[in-house]
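Please read the structure below before turning to the comments.
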Amino acid sequence: MSNEHQPVKMWSGRFREPLDADFERWQRSIVFDWRLLPQEVAASKAHASALVAAHILTESEGVKLRAALDSIAADHASEAGQALVRNHPTAEDIHHFVELSLVERIGSLGLKLHTGRSRNEQIATDLRLYVRERISLTLDALVAWIKAIAEKANDAGEAVMPSYTHLQRAEPVLVTHWLLAYVEMLFRDMGRLMDCSRRLNYCPLGSGAVAGATLALDRNIAAKELRFKGPTSNSIDATSDRDFILEYLQALTFLGLHLSRFAEEITLFATAEFGFVLLPESFSTGSSAMPQKKNPDLTELLRAKVGRIHGAAQAVTLLLKGLPLAYNKDMQETQEPAFSVEFVPELLSLVARFTAALQFNLPRMNEAAQSGYLNAMAAATYLVHKGVPFRIAHEKIGNAVRYALEKGVELNALSLDELKQFGPEFGDDFFAAITLESTLDCHDVIGGTARNRVRKDLTTLRKRLEDLSDFKAKQEAIHAGA
């Protein structure tokens with residue numbers, strides 16, 4: 001076939017009338033799927049390898065095709081090159097663009113590449129490659145944030161702060177213990193993303209439009225070249241599956257929730273009313289009207305931007321709901337939500353640097369941890385050790401707190417005689433049991449804020465961080481099919 005006989009569209013043979021011009025512009029996906037050019041080139045090269053093995057292409061044709069595909073990728077790697085893809089006057093989608101570009105470079109040989117495949121399997125493959133790459137970038141950025149939090153936790157030593165329930169002061173905890181709570185959240189986020197990466201790591205190439213390729217292709221060739229664990233098991237599922245996009249976005253939704261909770265706490269703790277955090281100036285802005293202001297713009301924008309992630313996940317959920325098997329054009333609309341969260345790795349990188357630059361007002365936090373009867377639970381525990389049933393102990397300490405409130409003092413400022421009016425079990429050893437140190441150390445259980453437990457948690461965290469040192473190797477193993 002010569003260049004002159006190339007069809008105007010990849011599907012135009014059956015049609016007599018041209019598309020409505022407005023509809024044609026409206027339905028084109030090249031305006032957003034241009035991002036998939038690297039994935040489309042990689043998948044096309046893998047398909048060319050399978051065609052060579054099946055003797056549909058000669059070795060020399062395969063070499064020529066692969067070289068042309070590499071040149072297309074190289075020519076459009078820059079921002080200017082990407083703009084040429086995005087604004088191509090006739091390409092319907094990224095698959096059409098690559099085919100047109102191949103024909104420009106190598107003539108009718110470029111039209112041979114579509115032998116034995118469908119755009120349905122192409123887009124399913126491209127998107128899996130894209131999501132896998134985005135997960136890898138997100139995980140790298142997550143590791144950096146975990147390390148920044150871990151450094152702050154290590155530096156905090158035995159500094160103390162109030163913990164909160166219902167946004168009311170509850171019990172004293174180590175600052176390290178509070179920070180390590182976020183570390184636990186982020187490790188769970190990493191696990192979800194890695195699970196998603198493992199689940200999507202199967203190659204749709206060879207699935208055809210719906211029923212499988214019409215040629216006897218060795219699907220393992222393309223899967224291996226693209227570092228998938230293997231081929232997908234069912235052609236209908238392979239071409240209609242977008243679970244991996246939804247799972248990716250849902251995993252990011254959890255991460256977004258944790259980012260937002262962190263942002264909210266830092267925003268609150270940076271207020272004059274709390275005064276626990278000193279915002280780094282390099283991540284803050286001022287007011288155009290009030291000269292004294294230092295505003296927490298990073299955390300406020302962070303809190304807002306995670307809404308995009310949740311919205312993207314919701315959009316894909318509604319897009320997929322009720323779709324019959326197999327491919328439907330509706331699925332084209334799953335791409336933009338997936339692309340809309342490209343900001344996440346950069347956002348995480350900013351948060352990691354912001355965290356490293358944070359300063360805690362440890363004296364203020366320590367002072368806050370010693371007022372407001374935060375040792376009341378430890379006081380009730382003291383009575384439990386004296387044989388008082390907890391419900392009764394709770395009542396006795398509640399009465400003591402009310403009495404102290406009326407006097408305007410803390411529990412440890414009450415005299416022993418005053419305490420004994422609430423029960424004969426109070427003794428001189430009560431005051432040692434409700435010191436700040438004792439209040440911390442009475443939580444001597446796995447996961448508690450007792451000082452020795454938190455020291456052990458830091459040691460465990462160092463080991464977990466060491467395990468992350470070969471994190472990239474583990475990711476590579478996943479992509480190699482291990």
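The values are calculated or read from the model by the stated rules, or taken from the named source; none is laboratory data. Quick caveat: nothing in here was measured; it's all calculated off a predicted structure. All Cβ positions, even for glycine, are placed from backbone atoms using ideal geometry, and neighbour counts span all protein chains on display. SASA here: full protein model, heavy atoms, side chains in, ligands and nucleic acids out. Shrake-Rupley method; radii C 1.70, N 1.55, O 1.52, S 1.80 Å.
Some observations on this one:
- Residue pairs whose Cβ atoms lie under 7 Å apart, sitting 6 or more positions apart in sequence or on different chains, and linking a residue in segment 259-288 that is in contact (Cβ under 8 Å) with a residue 60 or more places away in the chain and among the aromatic types (F, W, Y) to a partner that is part of a loop (DSSP other than H, G, I, E, B) and open to solvent by 40 Å² or more (accessible area, probe 1.4 Å), are F276/N361.
- For V351: the one exception among (1) in contact (Cβ under 8 Å) with a residue 24 or more places away in the chain; (2) open to solvent by 20 Å² or more (accessible area, probe 1.4 Å); (3) part of a helix (DSSP H, G or I): (2)
- Breaking point among (1) more than 15 Å from I94 (Cβ to Cβ); (2) open to solvent by 20 Å² or more (accessible area, probe 1.4 Å); (3) more than 15 Å from the chain's Cα centre (by Cα), for N120: (1)
- Among (1) part of a helix (DSSP H, G or I); (2) touching a residue at least 60 places away in the same chain (Cβ under 8 Å); (3) within 30 Å of V52 (Cβ to Cβ) - the single one H114 does not satisfy: (1)
- Checked against (1) assigned to a loop (DSSP other than H, G, I, E, B); (2) at pLDDT below 95, F426 passes all but condition (2).
- Subset tally (residues that are under 15 Å from L129 (Cβ atoms) and touching a Pro at 6+ places or on another chain (Cβ under 7 Å)) for segment 208-263: 3
- Output for segment 137-158, where each listed residue is among the small types (G, A, S) and open to solvent by 20 Å² or more (accessible area, probe 1.4 Å): A144, G157
- For segment 402-415, the set of residues classified as assigned to a helix (DSSP H, G or I), open to solvent by 30 Å² or more (accessible area, probe 1.4 Å), closer than 24 Å to R391 by Cβ and not polar (S, T, N, Q) consists of R402, Y403, L405, E406, listed by residue number.
- Residue pairs meeting the criteria (Cβ under 9 Å; at least 6 apart or on separate chains; first without any contact (Cβ under 8 Å) to a residue 24 or more places away in the chain and under 30 Å from Y327 (Cβ atoms), in segment 125-147; second open to solvent by 10 Å² or more (accessible area, probe 1.4 Å) and not in a helix (DSSP H, G or I)): none
For (1) open to solvent by less than 70 Å² (accessible area, probe 1.4 Å); (2) of a type outside the set (A, V, I, L, M, F, W, C); (3) part of a helix (DSSP H, G or I); (4) closer than 13 Å to F354 by Cα, each residue gets a yes or a no:
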{"site": "R261", "(1), (2), (3), (4)": "no, yes, yes, no"}
{"site": "T267", "(1), (2), (3), (4)": "yes, yes, yes, yes"}
{"site": "T271", "(1), (2), (3), (4)": "yes, yes, no, no"}
{"site": "S287", "(1), (2), (3), (4)": "yes, yes, no, no"}
{"site": "K305", "(1), (2), (3), (4)": "yes, yes, yes, no"}
{"site": "A312", "(1), (2), (3), (4)": "yes, no, yes, no"}
{"site": "V316", "(1), (2), (3), (4)": "yes, no, yes, no"}
{"site": "P324", "(1), (2), (3), (4)": "no, yes, no, no"}
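- Any hit, segment 362-380, residues being among the aromatic types (F, W, Y), under 26 Å from M161 (Cα atoms), open to solvent by less than 50 Å² (accessible area, probe 1.4 Å) and assigned to a loop (DSSP other than H, G, I, E, B): yes
- The single condition from (1) in contact with a strand residue (DSSP E or B) (Cβ under 8 Å, 6 or more places away or on another chain); (2) aliphatic (A, V, I, L, M); (3) open to solvent by less than 50 Å² (accessible area, probe 1.4 Å) that V344 fails is (1).
- Within segment 22-67, the set of residues being open to solvent by less than 10 Å² (accessible area, probe 1.4 Å) and over 23 Å from Y202 (Cβ atoms) comprises S29, I30, L57, G62, L65.
- Residue in segment 234-244 that is open to solvent by less than 70 Å² (accessible area, probe 1.4 Å) and not in a helix (DSSP H, G or I) present: yes
- Sole residue being touching a strand residue (DSSP E or B) at 6+ places or on another chain (Cβ under 7 Å) and at pLDDT 95 or above, chosen from K224, K229: K229
- All positions within segment 81-108 that are over 15 Å from A67 (Cα atoms) and of a type in the set (D, E): E92, D93
- Single condition G62 does not satisfy, out of (1) touching a helix residue (DSSP H, G or I) at 6+ places or on another chain (Cβ under 7 Å); (2) modelled with pLDDT under 95; (3) among the small types (G, A, S): (2)
- If you check R188, R192, R169 for being in a strand (DSSP E or B), of a type outside the set (S, T, Y), over 30 Å from R117 (Cα atoms) and open to solvent by 30 Å² or more (accessible area, probe 1.4 Å), only one passes: R169.
- Pairing each residue of segment 437-457 that is within 15 Å of E184 (Cα to Cα) with any residue that is polar (S, T, N, Q), provided the two are 6+ apart or on different chains, yields C-beta distances under 6 Å for V454/T176.
- Put simply, of P337, P296, P291, P280 the only residue that is more than 28 Å from T125 (Cα to Cα), crowded, with 21+ Cβ neighbours inside 10 Å and of a type outside the set (V, I, T) is P296.
- Yes/no for V384 being in a loop (DSSP other than H, G, I, E, B) and at pLDDT 95 or above: no
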